[in-house]
Amino acid sequence: MARITTGVLPGPAGDLEYVLNEPDAGVAVTRAAVACHPHPQFGGTLNSRTIFQAARSLAGMGLPVLRFNFRGVGRSQGGFDNGKGETQDLRAALDFAAVRWRCPLVLAGFSFGSFVALRYLERQADPRVQRLLAIGAPASTARLPAALAWNGPKLFISGTADVYGGVAQVEAYVAKLPPPKRICWLAGADHFLTNRAAEFDRIIRDNLDFA
C-alpha cells in the first residue's frame, strides 16, 4: 500500500505545497515522477482530476510521485506569473525530488502543466529528467516552445475532441520535435479526458516506456 504525505518545499517565491505518493519503506525506487497541474486561473490545482489520475497511474507503476501547487495556489506562496515564475517553481520541485530519491525523473504535466514542463525543457537539458509525459498539450491556444534543449523520450496524450489542443495542431507541433516521441490519442475524448480514466491509465502504462 502506497503512502501519501503532504508538506511544503522551498520555492523561489516562497513555500510550495506538495503531495507525495510513495511506495512503502523497503520498496526499491529506480525512478520517480514530478507532476504539474493545469492552469491556476481556471481552477487548476495539484488535486485536479486529470493530473491526479496520471499520478495514480504512475504510482501504480511503482514510481513515487510528487504533485505540487504552483505559486499562489492552495498553500503555495507567491502569485500567478503567466508561466515564467511557474517554470522556476518546477525547477524547485525537480530539485526537491532529485535530492529525495536520487534517481531518474519522469516529468509529467497536464494542460498548462505540460506547457510549463515544455518551457522548462526548452531552456534546460536537465539530465535528471528521463522522460516527458505531456497530457492535453494546449497547442491550439498556447505558444509552445519551438525547440527543446532536452531531447529525451516525449510521450504526448490527448483527446481528439480537445478544444485547447486540436489534432492538427498537436501533430504539427510534435512533428517539429526530434525523436524519440510518440502521440497517443483517445478517440472522442475532451481536454480533460472525461470518463476515460481506464483508457487513460492503460495508455500511460503501455506507452510510458516506448523508447
Query raised in the report: Quick one: which of 196-204, 48-56, 130-138 comes out on top by average Cβ neighbours within 10 Å, and what's the full order, highest first?
Result: 130-138, 48-56, 196-204
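Report the full-extension gain for the segment Glu171 to Arg3: residue separation times 0.36 nm, less the Cα-Cα distance, to one decimal in nm.
Once the chain is fully extended between Glu171 and Arg3, it gains 56.7 nm.
Please report the antiparallel percentage of DSSP beta bridges with both residues in the chain, rounded to the nearest 5. Before the final figure, lay out the partial values.
Numbers: 13 of 39 bridges.
Percentage antiparallel, nearest 5: 35.
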Query raised in the report: Taking Lys154 as the anchor, which lysines have their alpha carbon closer than 21 Å to its alpha carbon, excluding any fewer than eight residues away along the same chain?
Result: Lys176, Lys181
Query - Computed P(r) (all Cα pairs; region 144-187; 5 Å bins; percent) - result: 5, 21, 34, 23, 13, 4, 0
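In percent, what relative contact order does region 3-207 have, based on Cα pairs under 8 Å that are 6 or more apart in sequence?
Details: 463 pairs, mean separation 36.8, N = 205.
Contact order relative to length: 18 percent.
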Report summary line: Residue-ordered couplings for region 60-72, obtained by feeding phi - 60° into the Karplus form 6.51 cos²θ - 1.76 cosθ + 1.60 and rounding to whole Hz (Gly and Pro as x), are x, 8, x, 8, x, 10, 9, 9, 9, 8, 4, 3, x
Requested in this report: Using only the C-alpha atoms of region 1-62, find the volume of their convex hull and express it per residue in Å³.
Outcome: 101 Å³
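Once you have the Kirkwood Rh of the chain from its Cα pairs, apply Stokes-Einstein at 25 °C and 0.890 mPa s and quote D in µm²/s.
Numbers: Rh = 16.7 Å.
The Stokes-Einstein estimate is 147 µm²/s.
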Requested in this report: Report, in deg cm²/dmol and to the nearest 500, the calculated mean residue ellipticity at 222 nm for the chain, where each DSSP H run with n ≥ 4 adds -39500 (n - 2.57) and the sum is divided by the residue count.
Outcome: -9000 deg cm²/dmol
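Length gain on complete extension for the stretch Ala211 to Ala198, per 0.36 nm per residue less the alpha carbon to alpha carbon distance? Don't jump to the answer; show the numbers that get you there.
Details: separation 13, 0.36 × 13 = 4.68 nm, distance 2.29 nm.
Once the chain is fully extended between Ala211 and Ala198, it gains 2.4 nm.
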Report task. Could you check the simple spin-label distance between Ala125 and Val29, using points 7 Å along Cα→Cβ, in nm with one decimal? Result -> 2.8 nm
Report summary line: Non-local residues with an amide H under 5 Å from the amide H of Gly7, with H modelled 1.01 Å from N and Pro and chain starts lacking one, are Tyr18
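Every number here is computed from the coordinates shown, using simple stated rules; none is lab data. Quick caveat: nothing in here was measured; it's all calculated off a predicted structure. Neighbour counts run over all protein chains shown; Cβ positions are idealised from the backbone, glycine included.
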